[in-house]
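To start, the structure itself, in structure tokens.
Every number in this text was worked out from the coordinates using simple rules, so none of it is lab data. Predicted, not measured: the structure shown is a model, and the values here were computed from it. Every residue, glycine as well, gets a Cβ built from its backbone with ideal geometry; the counts of neighbours run over all protein chains shown.
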Amino acid sequence: MLQDRVRVSAQRRAIHEMVRQGDVVLDLGCGTGLLSFFACQAGARKVYAVEQNDIIDCARDLAAANGFLDRVVFIHGNSIGVELPEKVDVIVSDILPGFCPEGEVTRFLADARQRFLKPGGVLLPAQVWLFLAPIEATDVHDEYIGWWGKPLEGLNYDLVRSAAANRRYVVSLPANSLLAAAHCVEELDFYSGVAGVALDQEVRFVVERDGLLHGLAGWFDAQISPGVRLTTAPGLQQTVWQQTFFPIAEPVSVMGGDVVIGRLIAFAPDQVFWQWHLDVLSISGERKGHFRHSNFVPSRKDLVSRMPSFRPNLGGSGQVARFVLNACDGATTVQEIAHELRREFPTLCPTDEAALYRVWSTLRGQVEVTQRLSDFATN
Ligand SMILES: C[S@@+](CC[C@H](N)C(=O)[O-])C[C@H]1O[C@@H](n2cnc3c(N)ncnc32)[C@H](O)[C@@H]1O
């Protein structure tokens, strides 16, 4: 992220354009603090830097190293559960997930806007547009899908090809991969955005040149500030987001004038799932190809456990997790918990190492650490 000069420079220019001397700023998802520091450089009086991950400790150190610690207030947690002592003039954020219609980003930004932004305040970014186009991408298709159809040391792995064609891929595409002009399939306006909207768009593309159709490509443009627009389209200087490739199982030969009807559906029960349908028609209307793909392949277990009326019962790993979390009372050591765990679950934890490993993996991300490393030093 930090090495992406296109993104970093766009963010810096946007923040210097919109943050005024004396402003109060919220940096939603501050990561290492980059946008907070740009806001300080631009003259912010105070920056509230909210971050859910432990990277916030690094951000705090970097703020000290760069002389901003007196102006940046670091708040560890997800923005949804955070309170600020005052409203802010500007919200800056870089939690864009790439080519993605909705989901959590909009929810977080909408919540922050409603609770923290002063009337007339500024949101960076303000808008995002999602684009879609049919593409020729021989190398990428060969690498991710066609490859499975070739013998592997005398073995046949062709079965996997269909699964591989039901995934989307983040790839870097050249500008000449487009077979038709791109269409905008979604516009997100963070000033008015609300969470929960899914995408279902059908687009009719007229092929502009002869070639091989390998699927659809998606990318986004973001209006980071009125004067700074970031585009992640194929062929431009690459960004961390690159482009998203929705493949079809078999390439189809197309000619100028052919029509590709692409339908893209995204839905988000918790994470975002995709379906992409392509119909390819010749100029005379003859059908050249028909594809239905989806990366939504839940197991029976997944489906049942999503039912609101399902009555969950913990399996072995769940029982171990419950035991470990219940044992976290601020007094019992990790080693003592592991010891008890092994006694309680001898099959799941046959050795001390196995029990310790279970404790560590259960505790990851779940505990507050107030002691310092030096508190554990032994003489
Ligand atoms: C892509 S990184 C960008 C970090 C930094 N703003 C930058 O520009 O380099 C996004 C960060 O936002 C954090 N994040 C995403 N949603 C968040 C939320 N609702 N509350 C707090 N942190 C969040 C993630 O943990 C991640 O560290």
Starting at 0 and stepping by 10 Å, how many percent of the alpha carbon pairs of the chain end up in each bin? 5, 18, 22, 22, 21, 10, 2, 0, 0
The ³J(HN,Hα) series, computed from each phi in region 62-67 with the Karplus coefficients 6.51, -1.76 and 1.60 at θ = phi - 60°, rounded to the nearest Hz and given as x for glycine or proline, is 5, 4, 5, 5, 9, x
Relative contact order [Cα under 8 Å, 6+ residues apart], region 281-379, whole percent: 19
Going by average Cβ neighbours within 10 Å, how do the peptides 365-371, 335-341 rank, with the highest at the top? 335-341, 365-371
More than 13 angstrom apart: percent of Cα pairs within region 130-200: 75
From the C-alpha gyration tensor of region 312-379, pull out the three semi-axes of the equivalent ellipsoid (sqrt of 5λ each), sorted largest to smallest, in whole Å. 23, 15, 9
Whole-Hz Karplus couplings 3J(HN,Hα) for region 229-246, θ = phi - 60° and coefficients 6.51, -1.76, 1.60, Gly and Pro as x, run 10, 9, 10, 10, 5, x, x, 8, 4, 5, 10, 4, 7, 6, 10, 9, 10, 9
Cross-link reach list, lysines versus K288, counting only Cα pairs under 24 Å and skipping chain neighbours closer than eight places: none
Return the sequence-ordered ³J(HN,Hα) values of region 323-329 in whole Hz as given by the Karplus equation 6.51 cos²θ - 1.76 cosθ + 1.60 applied to θ = phi - 60°, using x for Gly and Pro. 4, 5, 5, 5, 7, 7, 10
Cα-based Debye curve of region 127-273 sampled at q = 0.12, 0.16 Å⁻¹ gives log₁₀ I(q)/I(0) of -0.56, -0.94
Excluding residues fewer than 8 places away in the same chain, name every one of the lysines whose C-alpha is closer than 17 Å to that of K87. K46, K118
Just report the Cα centroid separation between region 128-191 and region 318-354, whole Å. 45
